[in-house]
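J.: Right, I'll just put the structure down here and ask away after.
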Amino acid sequence: MNPTEVWDRIKAAQSIHVAKGKKVDVFDPNVDSQEVILGAIMGRSGNLRAPTLQLGDTFFVGFNAALYDAIPRT
């Protein structure tokens, strides 16, 4: 997905959790700028980083075992 498609999909999210190594940043599209969020979730190829998981109005981008372990299971 290119940046325009990605923003159209995530701009209404409640939160976006971005994992980079052991670090996890949390963004809110209502507070954080489009430029900052896209800079964190887009890869070097210009596409959305993988893996990306959407649960309701929350997105998880990138991999961090602790982050995925903390996702509530139903």
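The values are calculated or read from the model by the stated rules, or taken from the named source; none is laboratory data. The structure presented is a predicted model; accordingly, all values stated were derived computationally and were not measured. Cβ coordinates were reconstructed from backbone atoms using ideal geometry, including for glycine residues, and neighbour counts include every protein chain displayed.
J.: Give the residues of segment 16-28 that are surrounded by fewer than 18 Cβ atoms within 10 Å (Cβ to Cβ) and either in contact with a Leu (Cβ under 7 Å, 6 or more places away or on another chain) or of a type outside the set (Val, Ile, Thr) (or both), sorted by residue number. Give the steps one after another, and end with the answer.
T.: So in segment 16-28, the residues surrounded by fewer than 18 Cβ atoms within 10 Å (Cβ to Cβ) come out as 20-26, 28.
If the condition is that a residue be surrounded by fewer than 18 Cβ atoms within 10 Å (Cβ to Cβ) and either in contact with a Leu (Cβ under 7 Å, 6 or more places away or on another chain) or of a type outside the set (Val, Ile, Thr) (or both), then Lys20, Gly21, Lys22, Lys23, Val24, Asp25, Asp28 are the ones that fit.
J.: Of the numbered conditions (1) surrounded by 14 or more Cβ atoms within 10 Å (Cβ to Cβ); (2) modelled with pLDDT of 95 or more, Pro3 fails exactly one; give the number of that condition.
T.: Only one criterion is unmet by Pro3, namely (2).
Yes/no matrix, rows are residues, columns are (1) among the charged types (D, E, K, R); (2) in contact with a Phe, Trp or Tyr (Cβ under 8 Å, 6 or more places away or on another chain):
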site	(1), (2)
Asp8	yes, no
Lys11	yes, no
Lys22	yes, no
Asp28	yes, no
Ser33	no, no
Ala40	no, yes
Ser45	no, no
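J.: Another question about this same structure. Which of the residues that make up segment 1-22 are under 19 Å from Ala70 (Cα atoms) and either among the hydrophobic types (A, V, I, L, M, F, W, C) or without any contact (Cβ under 8 Å) to a residue 40 or more places away in the chain (or both)?
T.: Start the filter on segment 1-22 by keeping residues that are under 19 Å from Ala70 (Cα atoms), which leaves 13-22.
If the condition is that a residue be under 19 Å from Ala70 (Cα atoms) and either among the hydrophobic types (A, V, I, L, M, F, W, C) or without any contact (Cβ under 8 Å) to a residue 40 or more places away in the chain (or both), then Ala13, Ile16, Val18, Ala19 are the ones that fit.
J.: A further question on this structure: Under the condition of being part of a strand (DSSP E or B) and among the small types (Gly, Ala, Ser), which residue from segment 15-37 is farthest from Thr4 (Cα to Cα)?
T.: Filtering segment 15-37 for residues part of a strand (DSSP E or B) gives 15-20, 23-27.
Among the residues that remain, those that are also among the small types (Gly, Ala, Ser) are: 15, 19.
Values: Ser15: 18, Ala19: 21 Å.
Among residues in segment 15-37 that are part of a strand (DSSP E or B) and among the small types (Gly, Ala, Ser), the one farthest from Thr4 (Cα to Cα) is Ala19.
Residue by residue, here is whether (1) out of contact with any helix residue (DSSP H, G or I) (no Cβ under 8 Å at 6 or more places or on another chain); (2) hydroxyl-bearing (Ser, Thr, Tyr); (3) at negative phi holds:
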position	(1), (2), (3)
Asn2	yes, no, yes
Arg9	yes, no, yes
Val18	no, no, yes
Gly21	yes, no, no
Val36	yes, no, yes
Met42	no, no, yes
Leu48	no, no, yes
Phe60	no, no, yes
Tyr68	yes, yes, yes
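J.: Out of all the residues in segment 52-74, which are of a type outside the set (A, V, I, L, M, F, W, C) and touching a strand residue (DSSP E or B) at 6+ places or on another chain (Cβ under 9 Å)?
T.: Here is the first cut: in segment 52-74, the ones of a type outside the set (A, V, I, L, M, F, W, C) are 52, 54, 56-58, 62, 64, 68-69, 72-74.
Once the filter is applied, which keeps residues that are of a type outside the set (A, V, I, L, M, F, W, C) and touching a strand residue (DSSP E or B) at 6+ places or on another chain (Cβ under 9 Å), segment 52-74 yields Thr52, Gln54, Asp57, Thr58, Gly62, Asn64, Tyr68, Pro72.
J.: Just the residues that are surrounded by 13 or more Cβ atoms within 10 Å (Cβ to Cβ), hydrophobic (A, V, I, L, M, F, W, C) and assigned to a helix (DSSP H, G or I), please, taken from segment 38-69.
T.: Passing the criteria: Leu38, Ala40, Ile41, Leu67.
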